[in-house]
Amino acid sequence: MAILVTGGIGYIGSHTCVELLNNGYEVIVMDNLSNGNIISLHRIHELTGNQIKFYNVDLLNRDRLEDIFLENKIDVVVHFAGYKAVGESVEMPLCYYHNNVTGTLILCQVMQKFNVKRMVFSSSATVYSVRGDEPICEEFHLGATNPYGRSKLMVEEIFRDLYASDNNWSICLLRYFNPIGAHPSGRIGEDPNGIPNNLMPYITQVAVGKLKELRVFGNDYPTPDGTGVRDYIHVVDLALGHLKAIEKVKSTIGVEAYNLGTGRGYSVLEMVQAFEKVSAKKIAYNIIGRRPGDVAVCYADPSKAKRELGWVAERGIEEMCSDAWRWQLNNPNGYIEEPPAIIKV
Ligand code: UFG
């Protein structure tokens, strides 16, 4: 069974490749390396002992994309490729829509041409219009608040129209909550460009001394300690969710959305505490004003994924923090090429 993984070099993509290879799938990665480093591919090889066929191709390059389908008999596409920074999407909406929406349209057209109609799509909890503080189920009101989220929502809608026009399509929309952590080996993990936007890589960079202190965005939310509450999920659990979704799209038709979260929320300060406990490092922080666009509470009702995919998140918050810490400690500058050994003569 051959799986084409778009964006397979990135954070979630690379962890998914490891689990796919460990479970006997043939993996073909296409990635334009815009937000990832080829070293992750070598690390995946090192972790699994398996080779990955890699194409340095941009989704917007239809001809080269068609070549991949000509050269390989692809059964399922797992589609991660896309821009993902919320703030940047507000600055550069056209880039986001072009890359995330047009790129996916081209992918679907090529898939249709080669009669490959099974896909697992990397969506996000950001498609929900969060208002209260109850767990979010898949039937919740949809409505994104920034171009990144809207690009995910648009793609979800395009898939529904596609299925309505041709009932041979089978697509799982995986709505991720807050992926953190790293592979337990410490060899692959999250490698943000520049200063991290997200909480966990920010905390690990404070712990390792690269950043001075965490800025906590607001402590006046209606939550037990006033800081924002999120549903953090270990990236390996998330990766395993993709394997369950592949089984699903192989055996059914239709477009179905699934929340991938733990069902349990943690506040920013609880995360700081959990991290301090596993790392024995003090995390300096300073409480500043709210970050525009943030909600107070966002956590999943993951029961549909349990019921229909047979998937549950198994790794707890301590494992998430210790794996994130191991990755940061072993790779303080992310994926940089190891300097060649000095040979003394
Ligand atoms: N936070 C801080 N300081 C920081 C970074 C974050 O206090 O330096 C707080 C935020 O205010 C929030 C929590 O930590 O309360 C989590 O923030 P993240 O930026 O890590 O994650 P978000 O929930 O804002 O967003 C993430 C992804 C989005 C995705 C969304 C889905 O970044 O791409 O989850 O719910 F859409």
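The strands (runs of 3 or more DSSP E) falling completely within region 1-81 that include 1 or more residues that are under 18 Å from Leu107 (Cβ atoms) and open to solvent by 50 Å² or more (accessible area, probe 1.4 Å) map to 53-55.
Of Thr223, Thr227, Thr204, all but one fail to be hydroxyl-bearing (Ser, Thr, Tyr), within 13 Å of the ligand (Cβ to nearest atom) and touching a Leu at 6+ places or on another chain (Cβ under 6 Å); the exception is Thr227.
Residue by residue through region 245-261, note down the ones that are more than 13 Å from the ligand (Cβ to nearest atom) and open to solvent by less than 70 Å² (accessible area, probe 1.4 Å). Quick ask: steps written out before the conclusion?
So in region 245-261, the residues more than 13 Å from the ligand (Cβ to nearest atom) come out as 245-258.
Hits for region 245-261 are Ala245, Ile246, Lys248, Val249, Thr252, Gly254, Val255, Ala257, Tyr258.
If I ask for residues that are of a type outside the set (A, V, I, L, M, F, W, C), open to solvent by less than 60 Å² (accessible area, probe 1.4 Å) and touching a strand residue (DSSP E or B) at 6+ places or on another chain (Cβ under 7 Å), which ones from region 108-128 would you list? Please lay out each step first, then the result.
Within region 108-128, the subset of a type outside the set (A, V, I, L, M, F, W, C) is 109, 112-113, 115, 117-118, 122-124, 126, 128.
Now restrict to residues that are open to solvent by less than 60 Å² (accessible area, probe 1.4 Å): 117, 122-124, 126, 128.
Answer for region 108-128, where residues must be of a type outside the set (A, V, I, L, M, F, W, C), open to solvent by less than 60 Å² (accessible area, probe 1.4 Å) and touching a strand residue (DSSP E or B) at 6+ places or on another chain (Cβ under 7 Å): Lys117, Ser122, Ser123, Ser124, Tyr128.
Condition check ((1) open to solvent by less than 20 Å² (accessible area, probe 1.4 Å); (2) part of a loop (DSSP other than H, G, I, E, B); (3) over 30 Å from Trp327 (Cα atoms)) across all residues:
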position: Ala144; (1), (2), (3): yes, yes, yes
position: Met154; (1), (2), (3): no, no, yes
position: Gly189; (1), (2), (3): yes, yes, no
position: Pro201; (1), (2), (3): yes, no, no
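Mind listing just one residue for me: the one in region 88-107 that is under 19 Å from the mean Cα position of the chain (by Cα) and open to solvent by 50 Å² or more (accessible area, probe 1.4 Å) and, of those, modelled with the lowest pLDDT? Only one residue tops the list, namely Glu88. Suppose we keep only residues that are open to solvent by less than 20 Å² (accessible area, probe 1.4 Å) and small (Gly, Ala, Ser) within region 300-317. Which one would you say is nearest to His234 (Cα to Cα)? Out of the qualifying residues, it is Ala300.
The values are calculated or read from the model by the stated rules, or taken from the named source; none is laboratory data. Computed from a predicted structure; not experimentally measured. Neighbour counts run over all protein chains shown; Cβ positions are idealised from the backbone, glycine included. The accessibility values were calculated without ligands, DNA or RNA, using every heavy atom of the protein model including side chains. Shrake-Rupley method; radii C 1.70, N 1.55, O 1.52, S 1.80 Å.
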